[in-house]
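To start, the structure itself, in C-alpha cells.
What follows is calculated from the coordinates using simple rules that are stated; it is not laboratory data. Only a predicted model underlies this, so the values are computations on that prediction, with no experimental measurement involved. Positions of Cβ are generated from backbone atoms using ideal geometry, with glycine treated the same way; all protein chains shown enter the neighbour counts.
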Amino acid sequence: MKSFPLLIFVGFAPLFALTDQIKKEEVFWESFEWILLALCISFFAAHFFSLHLLPTVFIQGISFTLCFIAYKFAKQSLGDRLGKLPILFFWLGLEYIFLKLHWPANSLFLGDALILQMDWQHWNGYTGYLGASFWILLVNLVLYYSYFKTGKMNWPLFILFLITLSVPIVYSYIVDEKVISREMMTSFYYKNEIPSLHTYEKRGEFIPRTAAWISILILLFALVKNKTKKK
C-alpha cells in the first residue's frame, strides 16, 4: 500500500508464529514452505511483478527464509528461552551483508516498504536507513507476543505494540532532523560519498552491522552446544 504502508507492521507476526510449529524431529526445510512462499510473493509484489527480476526475488526469498531456519537451529541447540529476538538479528545481519556485497543489484530492504513515508523517519539520522527495518521487525515481534504466541490478546503487550508503532511516527513530526534516504545510504557504502550529517558519517548502518556480529555469535554458540550434546 504505497501511501499508507501500515500493513508491513503486522505482516511478519504470523511468520514468527509459524516457527512455533517447529518439531525437533523435522528436517530443516519442513515447516518453512509457507515462509518461503510468503517472502517470495512479497518480494515479487514489491518489484511490481517484474518477471526479469525473478532471479533476485528467489535469491532474496530463499536467503531470508534461511534466517528462520537459522533460528530453528539455534532454538534446537539453545532451548526455548532463546525467544524470537534472534530472528531480528539474523534478518538485519543479512540485510547488512546484501548492502555490503551489493548483490543482487536490485536487493530490497525491509525499510524500503516505507520509502514513500520518509516523513515518519526523521530519527534515522541516528539509526541509519536500515533502522526502519529494525523498527518494522520490532513492532511485529511485539504484536506476535501480544496475540499470536498464545492466541489470546495480552492487552498490556498490545498497548506496548501501539506505543512501539506510534512513538517514532509522532517523534518524526516533532523534530526537524535530516532524513537518510536509500540513495544516501547506497552512495555512502558504494561511492564513499559522505552525507552532510556527522552522526551518520561516524556510525553508518550500525544497527544491522551489530546484528550481523551478534548473529555470528549466536550461531557459533549454538553450533558448539549442538556438538557438545552429540558427544
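Miscellaneous remarks
- Residues considered: Phe134, Phe89. Of these, the only one that is among the hydrophobic types (A, V, I, L, M, F, W, C) and farther than 16 Å from Pro168 by Cβ is Phe89.
- Only residues that are outside any loop (DSSP other than H, G, I, E, B), within 11 Å of Gln60 (Cβ to Cβ) and in contact (Cβ under 8 Å) with a residue 40 or more places away in the chain were counted across the range 98-112, and they come to 1.
- Taken over the range 115-135, the criterion of being surrounded by fewer than 24 Cβ atoms within 10 Å (Cβ to Cβ), in contact with a helix residue (DSSP H, G or I) (Cβ under 8 Å, 6 or more places away or on another chain) and in a helix (DSSP H, G or I) is satisfied by Asp119, Trp120, Gly125, Tyr126, Thr127, Gly131, Phe134.
- Test: Ala70 is crowded, with 22+ Cβ neighbours inside 10 Å and more than 17 Å from the chain's Cα centre (by Cα): no
- Long-range neighbours under 6 Å by Cβ, at least six apart or interchain, first residue over 14 Å from Trp213 (Cβ atoms) within the range 76-92, second in a helix (DSSP H, G or I) and among the aromatic types (Phe, Trp, Tyr): Lys84/Phe16; Ile87/Tyr71
- Residue list for the range 170-222, restricted to those being exposed (fewer than 15 other Cβ atoms within 10 Å of the Cβ), in contact with an Asp or Glu (Cβ under 6 Å, 6 or more places away or on another chain) and assigned to a helix (DSSP H, G or I): Ser187
- For the criterion of being closer than 23 Å to Lys191 by Cβ, of a type in the set (Phe, Trp, Tyr) and out of contact with any strand residue (DSSP E or B) (no Cβ under 9 Å at 6 or more places or on another chain), Phe98 passes.
- Qualifying residue in the range 73-89 (condition: assigned to a helix (DSSP H, G or I), buried (at least 21 other Cβ atoms within 10 Å of the Cβ), of a type in the set (Gly, Ala, Ser) and in contact with a Pro (Cβ under 7 Å, 6 or more places away or on another chain)): yes
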